[in-house]
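Report on the following structure.
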Amino acid sequence: MKRAIGATVLATALASPSFAEQGQSHFTVGVVVPARVTLEVLEQPASITLTADDIGRGYKDVSTRYRVRHNDRRGYTVRIALRIDVAERVELRGLGESLELTDGMAEFQRPGDPFAQDLQLELRFVLDASSTPGTFELPLEVSATPV
């Protein structure tokens, strides 16, 4: 008996016309994606060893490689800081140009679409006659930041 009453109530509810109001609304969604830059060291010696041959030649070459990933179409800025206590000056090649660092700091803007880019830097530590043989911590700091 309970089944018959339940079925009748259900059938009546389904057969009854129902009215619902319809409406529309519009809204705008905005998303802000913060600019991000990451720098990964692929190759960078922890130290450099100056030999008597290096001092006699007048320089020591060091190669480094990094991978930069960024998400901003404006690109990113690479900052290179060197302590030049090991050398008289440092010649830097890479990033599309060559320059001489005597004050220990350089910045480069790298434009371009978001992607990963490998950077290779060639450093020539120009030595003077007072340089001494030995192993020294690599006096280099490389960082990348959003523009």
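Things worth noting here:
- Relative contact order of the chain, defined on C-alpha pairs under 8 angstrom at six or more residues apart (%): 32 percent
- Span from the the range 26-55 Cα centroid across to the the range 98-147 one, whole angstrom: 12 Å
- With the simple spin-label model, which puts each label point 7 Å out from Cα in the Cβ direction, the Asp103 to Arg73 separation comes to 3.4 nm.
- Top of Glu88, Glu97, Glu21 by mean-square fluctuation, Gaussian network on the chain, Cα under 10 Å: Glu21
- The slack between Ala52 and Val33, meaning 0.36 nm per residue of separation minus the straight C-alpha distance, is 1.6 nm.
- Degrees, to the nearest 10: 2-15 long Cα axis against longest axis of the chain: 70 degrees
- Calculated [θ] (222 nm, deg cm²/dmol) that DSSP helices of n ≥ 4 give over the chain, each run adding -39,500 (n - 2.57): -4000 deg cm²/dmol
Each value in this text was obtained by applying a stated rule to the coordinates, not by laboratory testing. Predicted model, so just to flag it, every value in this text is computed and none were measured. Cβ: placed from backbone, ideal geometry, glycine included. Neighbour counts: every protein chain shown.
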